[in-house]
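For reference, the structure discussed in these notes is given below.
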Amino acid sequence: MKEIDELDLPDDVRYTEEHEWVRHTGDKVRVGISDYAQDQLGDIVFVELPEVGDTFHQGEEFGTVESTKTVTELYMPLSGEVLAVNSALEDVPENVNEHPYEEGWMIEAAPSEPGEWEYLLTREDYLDILKEME
Amino acid sequence: MRFLPHTDEDIASMLDLVGLSGLEDLFAMIPEDCRRPSDLSLPQPLTEWELQDLMMESSGLMAVRPEYKVFIGAGSYEHFIPASVTHLAGRSEFVTPYTPYQPEMSQGTLQAIYEYQTLVARLLGLEVANASLYDGASALAEAILMAVRITGRKKVALSSLVHPLYREVVQTYLKPVGHSVLELPYLENGLTDLSKLEGAENLAAVALQSPNFFGCIENLQTAGELAHQGGALFITCFTEPMAYGLLKNPGCQGADIACGEGQSFGIPESYGGPGLGIFTTKMKYVRNMPGRLVGRTSDAEGRQGFVLTLATREQHIRREKATSNICTNSSLCALTAAIYLASAGGAGLRELAELNHDKAEYLKRELKKAGCVISFESPTFNEFVVKYPDNFEAAHDGLLRKKIVPGLSLAPYFPELKGHYLLCVTETKSKTDMDALVGEVAS
């Protein structure tokens, strides 16, 4: 497993304590799981995603990630409606391991509560949390 | 692994280690009203010979074959078990193993389970089967929970012609978690009334049994279409899987899950258990399927091997979010069923099923001639309901004296069917047996 200083933690996204990332582009957001999360899970074999059109509140479960070791929940970083899901992960779930912030994205959503963004973690906040967990 | 309980010294040293003075302290966190204040009132231990006497006395109270000719099925079926099945299933390699977590040590057990899964999935026309569950009733309850997980809906439609005890088990599973059941009544022809399903939109599942509790063969195709129109999963269950040696399988009639009891496949009736919960579904639902699953794979050198698969959704990893909180399977019963099915083969199972059907039809015809009424006109497999003549009470006692058990009275389960009996005829009943029953009824 990676040491903290080996983790890829880009600063153009925000993070959650549950290890999701969110990237804002225009009026949409993309959501995935962090490099730390994929590294902890190990080889990912299946990603269970919601339907386009489903709506979730911040913190609600929107899917699951299955690795060879375990299955873990995905939590919605921001309230909103699902606009798209990354169906390519059905065939190449390993994209989550290899490119967690690019090809490994999971859903695209239209946030309904713009104020929630402020409560998400910056790279520095997230790093602090990871260091505390050490 | 040893199964001996802890000695007083063991217990004392463990309590000492965690710093407690007695067992009461250890259980203090369990709410008062969940604890039993007194000891269980169990009888004193017996010697082996006393125990044998007790068991003989108990079995003497029952109508046991071969002395009695028992024309009752109703969820437990008397089928001939070839000696080869008992012999092979009794081999020590099969009888002794624990859960095959370590595939390199357990290829035999894993392959046997894989073959069982393959055989039952083919029989029922579905894509995937689990390694088995406890029995037919718990398989049905698990199927309903699975449909609730998949659809996110909390109400299910259940035919009133599903075995009454299975319906009780379903209620036991569903009631505490707040899921509700819409009961589908039955029609005069002995089939489920599907009219409540028209336009029903909020159902997680529609569950029917075929052959149903009256022995009648349901129109699964139609029920499945109605279920799917409302976005529900279609669950079919069975108590007599041998029927599928002859009938169209549930898979080709739209079933999303087909499940039920597998006792008919080489497993003795033995006082009602152990049973075999058969569970099959479509591949697209495999990640929501309860229970264990054995898959075929290849090792680093490309050789075929078998492993437990998708275990990440089981309770030891997923805890309360597991697909089921029962991972136990009826492995030895599943193995027995696999040996039985492989011994009979496709053609053999069909012949056996035909024999069951034809013999039951013979008895049905003869009873009719003797003045009985066949309660429901729909086609049946090896069970059917009969209304005996009004003066039957006397004949019933006479039959029992002659060691013939003429069916199961339906009144305790369906009060409106007083005087109606559910009869079962398998390959084990001879023409002489059936003629003797008819002779008594006619006299």
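The values are calculated or read from the model by the stated rules, or taken from the named source; none is laboratory data. Note that this is a predicted model, so its numbers are computed, not measured. Every residue, glycine among them, receives a Cβ derived from its backbone with ideal geometry; neighbour counts consider all protein chains shown. For the accessible areas, the whole protein counts, side chains as well, though only heavy atoms, and no ligand, DNA or RNA atoms are used. Shrake-Rupley method; radii C 1.70, N 1.55, O 1.52, S 1.80 Å.
Table for the structure above
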read-out: Neighbours by Cβ (under 8 Å, 6+ apart or cross-chain): first from the stretch B:417-431, over 15 Å from B:Ser76 (Cβ atoms); second hydroxyl-bearing (Ser, Thr, Tyr); value: B:Leu417/B:Ser375; B:Gly419/B:Tyr388; B:His420/B:Ser375; B:His420/B:Ser409; B:Tyr421/B:Tyr388; B:Tyr421/B:Ser409; B:Lys431/B:Tyr362
read-out: Residue in the stretch A:52-65 that is under 22 Å from B:Arg287 (Cα atoms), open to solvent by 50 Å² or more (accessible area, probe 1.4 Å), among the aromatic types (Phe, Trp, Tyr) and within 14 Å of chain B (Cβ to nearest Cβ) present; value: no
read-out: Residue list for the stretch A:73-94, filter: surrounded by fewer than 20 Cβ atoms within 10 Å (Cβ to Cβ) and within 20 Å of B:Arg287 (Cβ to Cβ); value: A:Glu73, A:Tyr75, A:Ser87, A:Ala88, A:Glu90, A:Asp91, A:Val92, A:Pro93, A:Glu94
read-out: Some residue of the stretch B:328-337 being open to solvent by less than 10 Å² (accessible area, probe 1.4 Å) and either assigned to a helix (DSSP H, G or I) or of a type outside the set (Phe, Trp, Tyr) (or both); value: yes
read-out: Selection count, the stretch B:244-288, where residues are open to solvent by less than 10 Å² (accessible area, probe 1.4 Å) and more than 14 Å from the chain's Cα centre (by Cα); value: 5
read-out: Residues (away from every other protein chain (no Cβ under 14 Å), more than 18 Å from B:Tyr114 (Cβ to Cβ) and touching a residue at least 24 places away in the same chain (Cβ under 8 Å)) located in the stretch B:291-323; value: none
read-out: Residues (touching an Asp or Glu at 6+ places or on another chain (Cβ under 8 Å) and open to solvent by 50 Å² or more (accessible area, probe 1.4 Å)) located in the stretch B:57-85; value: B:Arg65, B:Lys69, B:Phe80
read-out: Matching residues, the stretch B:86-106, being open to solvent by less than 70 Å² (accessible area, probe 1.4 Å), in a loop (DSSP other than H, G, I, E, B), closer than 23 Å to B:Gln263 by Cβ and modelled with pLDDT of 85 or more; value: B:Gly90
read-out: Only listed residue being of a type in the set (D, E, K, R) and either in contact with a Pro (Cβ under 8 Å, 6 or more places away or on another chain) or in contact (Cβ under 8 Å) with a residue 60 or more places away in the chain (or both), chosen from B:Glu93, B:Glu78, B:Glu48, B:Glu57; value: B:Glu78
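One line per residue, one yes/no per condition, for (1) over 24 Å from B:His163 (Cα atoms); (2) open to solvent by less than 10 Å² (accessible area, probe 1.4 Å); (3) in contact with a Ser or Thr (Cβ under 8 Å, 6 or more places away or on another chain); (4) at pLDDT 90 or above:
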position	(1), (2), (3), (4)
B:Lys387	no, no, yes, yes
B:Asn391	yes, no, no, no
B:Leu399	yes, yes, no, yes
B:Val405	no, no, no, yes
B:Ala411	no, no, no, yes
B:Pro415	no, no, no, yes
B:Thr428	no, no, no, yes
B:Lys431	yes, no, no, yes
B:Val438	yes, no, no, yes
